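The values are calculated or read from the model by the stated rules, or taken from the named source; none is laboratory data. Given the structure is predicted, the values throughout are model-derived calculations rather than measurements. Using ideal geometry, Cβ is built from the backbone for each residue, glycine included, and neighbour counts are taken over all protein chains shown.
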Amino acid sequence: MSGSASRRSGKGERRDGDKYSVLLPTYNERENLPLIVWLLVKYFGESGYSFEIIIIDDGSPDGTLEVAERLKDLYGSDRIVLRPRKEKLGLGTAYVHGMKHATGNYIIIMDADLSHHPKFIPEFITKQKEGNFDIVSGTRYIGNGGVYGWDLKRKIISRGANFITQVLLRPGASDLTGSFRLYRKDVLQKLVDRCVSKGYVFQMEMIVRARQLNYTIGEVPISFVDRVYGESKLGGNEIVSFLKGLWTLFKTT
Ligand SMILES: Nc1nc2c(ncn2[C@@H]2O[C@H](COP(=O)(O)OP(=O)(O)OP(=O)(O)O)[C@@H](O)[C@H]2O)c(=O)[nH]1
Ligand SMILES: *[C@@H]1O[C@H](CO)[C@@H](O)[C@H](O)[C@H]1NC(C)=O
Ligand SMILES: [Mg+2]
């Protein structure tokens, strides 16, 4: 890429024509949403890339959608796009739904609960451009990456899940259950079309399918911080369904 291609234009946006659509699925994130949006606007503003934030709220009873509407009024409808659904239909379909409305040629998927810090996004973008990668995946398991605020039980579960999957599926990425990633839009579309899992296995299947399709994956170390506001939902049921999903994936790939 030539130097001039990434120079800023008068409006503070880069000239290279790349646009990043951030998909933010929300369920009861009233306290977190204003801060995550503010941080996204700040970091995209500083780096000068074009962006939009697509908020997919699934009928949160805590009034997340009303907060999102206020944010849209505040930042403008070109930056904040609302694609709510009436009921809680799950993360996988939330991404698909959000992606249908994305106008960027790159998609960034992240959690809205501040576990994923927007400050890493410029690094994702730089990494993608450096290696012309199809996917850039945040990783907690190499370099300066890490997890903060989890108890030992949860760290063991996460590490264990990652380790078992590494052994069974050899996916070529160090963090499989994380969900902070950047994709080329057409690549994400192809992956989503092929993925069959639900819940926690979904993120993992995306990387496994990417490997099968020979897509290239770059990695950026990230620190993951446990949510401060809102309820955590990881329980015994999730672990059982994770193992079932992993087994299905192992048998079918
Ligand atoms: N639209 C939509 N968003 C969801 C749904 N379930 C979770 N989310 C959002 O998806 C992101 C990740 O979900 P989390 O509940 O944080 O999942 P987690 O990080 O594995 O678990 P905890 O943070 O410990 O609760 C958050 O932004 C949630 O608000 C859903 O069914 N629909
Ligand atoms: C991926 O690469 C391998 C090895 O080069 C090749 O055999 C395979 O057909 C490729 N798969 C796809 C889907 O292109
Ligand atoms: Mg979370």
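Things worth noting here:
- Selection from the range 92-121 of residues that are out of contact with any helix residue (DSSP H, G or I) (no Cβ under 8 Å at 6 or more places or on another chain), away from ligand 3 (no atom under 16 Å from the Cβ), touching a residue at least 40 places away in the same chain (Cβ under 8 Å) and not in a loop (DSSP other than H, G, I, E, B): 97, 98
- Residue in the range 70-84 that is away from ligand 3 (no atom under 16 Å from the Cβ), among the hydroxyl-bearing types (Ser, Thr, Tyr) and surrounded by 16 or more Cβ atoms within 10 Å (Cβ to Cβ) present: no
- If only residues of the range 18-37 that are assigned to a helix (DSSP H, G or I) and of a type in the set (A, V, I, L, M, F, W, C) are counted, the one that is nearest to ligand 2 (Cβ to nearest atom) is 36.
- Within the range 207-228, tally of residues that are more than 15 Å from residue 137 (Cβ to Cβ) and either within 16 Å of ligand 3 (Cβ to nearest atom) or among the β-branched types (Val, Ile, Thr) (or both): 4
This table checks each residue for (1) of a type in the set (Val, Ile, Thr); (2) within 16 Å of ligand 2 (Cβ to nearest atom).
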residue: 177; (1), (2): yes, no
residue: 188; (1), (2): no, no
residue: 206; (1), (2): no, yes
residue: 212; (1), (2): no, yes
residue: 217; (1), (2): yes, yes
residue: 225; (1), (2): yes, no
residue: 229; (1), (2): no, no
residue: 247; (1), (2): no, no
residue: 251; (1), (2): no, no
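- Listed conditions (1) at pLDDT 85 or above; (2) surrounded by 21 or more Cβ atoms within 10 Å (Cβ to Cβ) are all met by residue 165, apart from (1).
- Criterion: on the phi > 0 side of the Ramachandran plot and modelled with pLDDT of 90 or more - qualifying residue of 172, 230, 218, 143: 143
- Test: residue in the range 150-173 that is within 17 Å of the chain's Cα centre (by Cα), within 16 Å of ligand 1 (Cβ to nearest atom) and more than 21 Å from residue 247 (Cβ to Cβ): no
- Counting the residues of the range 181-198 that are free of Cβ contacts under 8 Å to residues at least 60 places away in the same chain, within 14 Å of residue 97 (Cα to Cα) and basic (Lys, Arg) gives 0.
- Only a single item in (1) surrounded by 15 or more Cβ atoms within 10 Å (Cβ to Cβ); (2) in contact (Cβ under 8 Å) with a residue 12 or more places away in the chain is not met by residue 149, and it is number (1).
- Residue pairs meeting the criteria (Cβ under 6 Å; at least 6 apart or on separate chains; first surrounded by 17 or more Cβ atoms within 10 Å (Cβ to Cβ), in the range 123-134; second among the hydrophobic types (A, V, I, L, M, F, W, C) and assigned to a helix (DSSP H, G or I)): 134/187
- Residue list for the range 182-220, filter: buried (at least 18 other Cβ atoms within 10 Å of the Cβ) and within 13 Å of ligand 1 (Cβ to nearest atom): 200, 201, 202, 203, 204
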